[in-house]
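The values are calculated or read from the model by the stated rules, or taken from the named source; none is laboratory data. These numbers were taken from a predicted model, which means no experiment stands behind them. Cβ coordinates were reconstructed from backbone atoms using ideal geometry, including for glycine residues, and neighbour counts include every protein chain displayed. Heavy atoms of the whole protein, side chains included, go into the accessibility calculation; ligands, DNA and RNA do not. Shrake-Rupley method; radii C 1.70, N 1.55, O 1.52, S 1.80 Å.
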Amino acid sequence: MALLLSSAAAQADLSISNKPTQNMSCNAGVCVATAKKAVLNVGDLQAMLASGNATVKTGSIAKNVEIDEPLTWANTSRLTLDAQQSIIVKKPVTITGSGALTIATNDGDSNGAFATSNKGAVTFWDLASGLVINGENYSLAGDIKTLAADIAAKPAGNFALAKSYDAKADGPYSSVPIPTTFAGKLEGLGNRLANLTVQDSSSGEVGLFANLGSGSVVENITLSRVNISGAAAESVGSFVGESFGTLRNTHATGRITASIPDGTGGGLAGGNEGVITQSSANCMVSGGWAAGLAGEDSGTINNSFASGSEHGGVMGGLTAFEVGTIEDSYSTGSIKTDASVEAGGIAGITSAFALVERSFSTGSITTGDGSFVGGIVGYIDGGAIDQSFAAGSLSVGMNGAVGGLVAGACGCEGNAAINNSYAAGSARGKSGSQIGGIVGFTQEDIAITATYSTGAVNGNGAYKGGFIGFDGEPGDIATGYWDLDTSGISDPANGAGNVKNDSGLTGLTDLQLKSGLPGGFDPKIWGQSPNINNGY
């Protein structure tokens with residue numbers, strides 16, 4: 001989870017640690033940083049709390065507060081942490097008495113947040129303790145059933161998970177644990193809910209929550225070893241069936257099972273129409289539509305990743321069906337099936353207005369006859385891929401389509417484009433297939449610029465090209481390149497498998513690709529170094 005905290009940690013200016021206190025001014029229980037880099041010794045802070053309330057502030061010089069050593073106190077004292085930007089809990093904070101905690105972020109600045117790492121969490125032993133975050137009071141809950149009752153009584157309230165909880169004692173839930181549409185805020189404080197099992201046979205949405213409403217926020221919480229199934233459900237996810245809210249710094253492991261062939265399953269959400277950010281999942285997901293993070297996404301996914309596996313008719317490393325935006329995210333999970341499917345390292349299918357940018361996939365995909373498989377997207381039916389790459393090996397059976405980035409591309413539901421991207425993984429297909437280093441086949445209204453492939457193009461397909469297997473719209477590609485040496489397509493005329501010397505497609509030797517930026521590549525976007533990306 002280091003990736004999720006890297007932007008904040010890079011500026012972690014005021015550290016609460018075991019090092020000697022320095023660059024701090026402390027008076028009457030209030031400590032303020034006096035330099036951009038400051039340290040408050042955790043023992044000094046605990047001594048302050050033993051005698052009364054304590055406040056730690058970045059002031060106007062430092063930016064963030066980072067808790068780098070375990071911190072605990074046992075009385076009624078309140079600790080206030082006040083930062084210009086972010087407060088990051090990287091080690092356990094434990095309030096064993098009836099003390100209180102106040103968090104204030106973005107005090108004088110912006111773009112900050114309260115965040116926890118995988119080793120950091122805040123634990124309250126007394127559920128009557130006080131918690132205030134950015135001026136709002138939070139009610140503490142210690143288990144799922146209490147949380148569900150509190151939300152049912154106040155659907156738009158602010159709640160926090162006071163400690164980690166093992167739901168094995170609850171036994172399997174026969175319906176969604178929190179059926180009330182949640183419109184408030186749930187602060188996990190870095191705690192975990194483990195072994196949640198839901199076996200819901202009704203139709204609708206299934207997860208810890210059925211629905212997250214617009215404006216809701218669930219953050220800083222992990223669901224570990226979940227087993228969530230919906231035999232007749234429309235959407236199934238670990239956290240939520242259908243989300244219109246925000247999932248931030250949320251993580252899940254376990255198994256998600258949606259109905260086949262019509263159900264939609266996702267590692268975090270069955271359907272996302274809100275925001276998933278700084279989150280991850282490592283789940284086995286099955287359903288008619290199955291994906292690592294969200295089965296269907298018409299909202300936004302950013303700064304997130306998935307590393308699990310999927311099984312279904314349409315599969316994606318992050319989402320099966322993308323209509324919204326995926327940014328700065330990645331997938332490492334693999335897909336393997338003998339069935340005829342549509343599968344992509346990031347998305348199974350994208351439609352009009354969908355955008356995948358600054359994202360990548362490294363997982364391998366192996367499928368059966370008649371499949372569409374792409375390193376980023378299985379089939380683009382409108383939308384765009386920009387500044388993204390794929391590096392996993394790809395394989396389809398007979399009469400399929402496979403491309404290093406996309407199996408099939410069409411602007412049928414709006415213009416489709418691939419820009420400033422590359423593929424490094426191999427693409428293999430059996431007889432009758434369309435095989436390309438970047439795209440298996442193209443149809444109407446597809447634009448490709450500043451894109452290249454270095455992966456091997458293998459198999460005895462019906463059409464096989466260094467860049468495109470079958471180009472249905474010759475002349476639409478502005479600048480596309482493939483590696484004559486590594487691809488196995490050494491004839492410069494075979495950029496496309498069906499059109500000799502297809503315009504816009506250029507084969508270069510490995511040495512040429514590594515000697516400088518090809519024509520049409522913007523140096524404001526692209527760079528080249530012998531020590532990065534094998535010199536490409």
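Brief remarks on what is shown
- Looking at 288, 317, 344, just one residue is touching a residue at least 60 places away in the same chain (Cβ under 8 Å) and open to solvent by less than 10 Å² (accessible area, probe 1.4 Å), and that residue is 344.
- Filtered residues of the stretch 429-468 (kept if of a type outside the set (Phe, Trp, Tyr) and more than 29 Å from residue 517 (Cβ to Cβ)): 429, 430, 431, 432, 433, 434, 443, 444, 459, 460, 461, 462
- When 417, 409 are checked against the criterion of being assigned to a strand (DSSP E or B), in contact with a strand residue (DSSP E or B) (Cβ under 9 Å, 6 or more places away or on another chain), free of Cβ contacts under 8 Å to residues at least 40 places away in the same chain and within 25 Å of residue 527 (Cα to Cα), a single residue qualifies: 417.
- Members of the stretch 213-245 that are farther than 28 Å from residue 90 by Cα, hydrophobic (A, V, I, L, M, F, W, C) and in a strand (DSSP E or B): 228, 236
- The set of residues in the stretch 367-388 that are in a strand (DSSP E or B) and out of contact with any Leu (no Cβ under 8 Å at 6 or more places or on another chain) comprises 372, 378, 379, 380, 381.
- Options 145, 154, 163, 185: the member that is closer than 18 Å to residue 226 by Cβ and of a type in the set (D, E, K, R): 145
- Scanning the stretch 365-383 for residues that are of a type outside the set (Asp, Glu), free of Cβ contacts under 8 Å to residues at least 60 places away in the same chain and open to solvent by 30 Å² or more (accessible area, probe 1.4 Å) turns up 366, 370, 379.
- Per-region count, the stretch 420-443, residues farther than 16 Å from residue 505 by Cα, outside any loop (DSSP other than H, G, I, E, B), open to solvent by less than 10 Å² (accessible area, probe 1.4 Å) and not aliphatic (A, V, I, L, M): 1
- Summed over the stretch 512-532, residues that are open to solvent by 30 Å² or more (accessible area, probe 1.4 Å) and either touching a residue at least 12 places away in the same chain (Cβ under 8 Å) or among the charged types (D, E, K, R) (or both) total 9.
- Any hit, the stretch 199-209, residues being touching a Pro at 6+ places or on another chain (Cβ under 6 Å), open to solvent by 30 Å² or more (accessible area, probe 1.4 Å) and either without any contact (Cβ under 8 Å) to a residue 40 or more places away in the chain or of a type in the set (Asp, Glu) (or both): yes
- Which numbered condition residue 7 misses (of (1) at pLDDT 95 or above; (2) within 33 Å of the chain's Cα centre (by Cα); (3) open to solvent by 60 Å² or more (accessible area, probe 1.4 Å); (4) of a type in the set (S, T, N, Q)): (1)
- Pairing each residue of the stretch 141-152 that is within 16 Å of residue 187 (Cβ to Cβ) with any residue that is in a helix (DSSP H, G or I), provided the two are 6+ apart or on different chains, yields C-beta distances under 7 Å for 141/147; 141/150; 144/167; 144/170.
- Residue 497 being buried (at least 24 other Cβ atoms within 10 Å of the Cβ), touching a residue at least 40 places away in the same chain (Cβ under 8 Å) and over 31 Å from the mean Cα position of the chain (by Cα): yes
- Matching residues, the stretch 79-89, being free of Cβ contacts under 8 Å to residues at least 60 places away in the same chain and buried (at least 19 other Cβ atoms within 10 Å of the Cβ): 79, 81, 82, 84, 87
- Hits in the stretch 212-255 - residues which are at pLDDT 95 or above, crowded, with 24+ Cβ neighbours inside 10 Å and over 19 Å from the mean Cα position of the chain (by Cα): 228
- Single match in 272, 302 (criterion: surrounded by fewer than 24 Cβ atoms within 10 Å (Cβ to Cβ) and not aliphatic (A, V, I, L, M)): 302
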